[in-house]
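Everything on this sheet refers to the single structure shown next.
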Amino acid sequence: MRLPTIPATVIGSWSFPGWYERFVAEVKSHPDQFGPVDREEAVRDAVRLAIDDQVQAGLDLITDGEMQRVDFNLGFYEYLGGLEPLRRARHWGAPAHDQRDRYRCVAPLSAPEGLGTVAEYHRLRAITELPVKMPVPGAFTLAGCIEGGEVYSNREAVTEALIPIVNAELRALAAAGVKFLQIDEPSFACHPDAADRFLDVIARTTEGVDAYISMHMCFGNFRARAVGHRTYGPLFPHVGRAKVNQLALEFASREMAEIELLRGLPDSMDVAVGLVDVKNTWIEPAELVADRIRTALKFVPAERLSVTPDCGFSQTARHVAAAKAKSLVEGAKIVRSELSR
């Protein structure tokens, strides 16, 4: 996979087109009105639009926009056996994480047909040959919406059950031809108090996976709201020992706070820095993005640096996401030009 110096990419999700969001809602409320061909046609059309938006913005590494997923990870629970849905405790009022879907284990967790990402990759490859990456939620983050019931004693036990499932999914993607994988583990940034446990989970999740692996750790973005204390301090320096090739971290929403922590990473660890804020609607000027890249370059050399939004764009209006992505690309071009002089 050949990418330019300081490539610009997305974290994973892209904004749903308005018609597609309506379609998803209709499928959920009236599933009998849509056959499998109807659903597949809609997903393919939405993926084409997500690809086109990213290409028009000039991004160097794209995704399928996670058009088949719900809120980045919630759709994966449909692939897991051994779960029953729980009634939401709160439906009304300001959005918060207590309004997310939750589940209880009624049998050991399984995923006999995988988590669906291989089919996503084949659909993406049928549409484009551009450089792509495939994000997959990590075991600890997936465990956050699951109660163990009488099957598992706590979240750690649920995580243990999910590690081989996620590992198998990553291996299957690599075998299908994916060169760039991303593990989404925002929950580790929100629960940073068990470093050795964290490193062990990641090591077993990535074991035997033949691909370049990035790990995304933000502070949550459900309905554009964070869920954790927004500091990476407790994760350093031990996060540099994680068995991944790249860390993808959130900086724009925090006005580049803690960027100096990157100095403590080993030379073998690449970094994707979040330089546009997905939680607001203000479009960062390209020169501001360039200035933020210059700041990051004080702590990470250009050959190890990528630029991204802070998180996925699923909670961001589509026209805002497109404008922010374009600014990200233009900012990277400004700095590339400076480095080539």
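Dipole magnitude for the range 208-341: computed about the Cα centre from +1 point charges on Lys and Arg Cβ and -1 point charges on Asp and Glu Cβ, it is near 240 debye.
Under 5 Å from the amide H of Leu247 lie the amide H atoms of Met215, Asp270, Val271, Ala272, each residue being 5 or more positions distant or on a separate chain, with H modelled from the backbone and absent for Pro and chain starts. Computed over the alpha-carbon pairs of the range 171-216, the distance histogram in 5 Å steps reads 5, 20, 29, 22, 13, 9, 3, 0 percent, short to long. Among Leu115, Val201, His216, which residue has its Cα positioned farthest towards the positive end of the charge dipole of the chain, with +1 placed on the Cβ of Lys and Arg, -1 on the Cβ of Asp and Glu, and the dipole taken about the Cα centre? Toward the positive end, the furthest listed residue is His216. Lys-Lys pairs in the chain that are eight or more residues apart or on separate chains and whose Cα atoms lie under 20 Å of each other come to 9.
The charge dipole of the chain, taken about its Cα centre with unit charges on the Cβ of Lys, Arg, Asp and Glu (plus for the first two, minus for the last two), comes to roughly 520 debye. Charge dipole (Cα centre; +1 on Lys/Arg Cβ, -1 on Asp/Glu Cβ; no other charges) of the range 9-96 amounts to roughly 440 debye. For the range 276-315, the C-alpha radius of gyration sits at 1.28 times the compact-globule guess of 2.2 N^0.38 Å, with N the residue count. On the principal axes of its alpha-carbon atoms, the range 73-166 has extents of 44, 34, 18 Å, going from largest to smallest.
How charged is the neighbourhood of Gln33? Take every other residue with its Cβ under 12 Å from the Cβ of Gln33, and add Lys/Arg as +1 and Asp/Glu as -1. Working shown, then result.
Numbers: positive: Lys28, Arg39; negative: Glu26, Asp32, Asp38.
Residues near Gln33 contribute -1 overall.
Between amide H atoms placed 1.01 Å from N, distances below 5 Å from Val136 occur with Gln182, Ile183, Asp184, all of them 5 or more places distant or on a separate chain.
Mean 1/r over all different Cα pairs, inverted: what Kirkwood radius does the range 222-341 give, in Å? Walk me through the numbers on the way to the answer.
Numbers: mean 1/r = 0.0676 Å⁻¹.
Kirkwood radius, the range 222-341: 14.8 Å.
Across the chain, C-alpha contacts under 8 Å between residues 6 or more apart give a mean separation that, scaled by the residue count, equals a relative contact order of 20 percent.
Annotation: the range 1-81 has a Kirkwood hydrodynamic radius of 14.1 angstrom, from the mean reciprocal C-alpha pair distance. For the peptides 193-201, 45-53, 59-67, residues were scored by their other Cβ atoms within 10 Å and the scores averaged per peptide; the highest-first order is 59-67, 45-53, 193-201. For the chain, the membrane-span-like helices by this rule, meaning whole DSSP H stretches whose C-alpha atoms cover at least 24 Å of axis and whose Kyte-Doolittle mean is -1.0 or above, are 36-57, 155-176, 318-339; this says nothing about an actual membrane.
The GNM of the chain, with springs linking C-alpha atoms under 10 angstrom apart, assigns the highest mean-square fluctuation among Glu120, Glu250, Glu287 to Glu287. Selection among Phe251, Pro234, Gly177 by position relative to the dipole of the chain gives Phe251 as farthest towards the positive end (Cβ unit charges, Cα centre). In this structure, the amide hydrogen of Ser13, modeled 1.01 Å from its nitrogen in the peptide plane, lies closer than 5 angstrom to those of Gly312, Phe313, Ser314, counting only residues at least 5 positions away or on a different chain.
Quick one: if you take sqrt(5λ) for each eigenvalue of the C-alpha gyration tensor of the chain, what semi-axes come out, biggest first, whole angstrom?
On the way: eigenvalues 177, 117, 75 Å².
Taking √(5λ) for each eigenvalue gives 30, 24, 19 Å, largest first.
Arrange Asp210, Asp270 by Cβ neighbour counts within 10 Å, fewest through most, would you?
Numbers: Asp210 12, Asp270 19.
Neighbour counts put them in this order, fewest first: Asp210, Asp270.
Values in this text are rule-based calculations from the coordinates and carry no lab data. Keep in mind that what you see is a predicted model, and the values were worked out from it rather than measured. Glycine also receives a Cβ, built like all others from the backbone with ideal geometry; neighbour counts cover every protein chain displayed.
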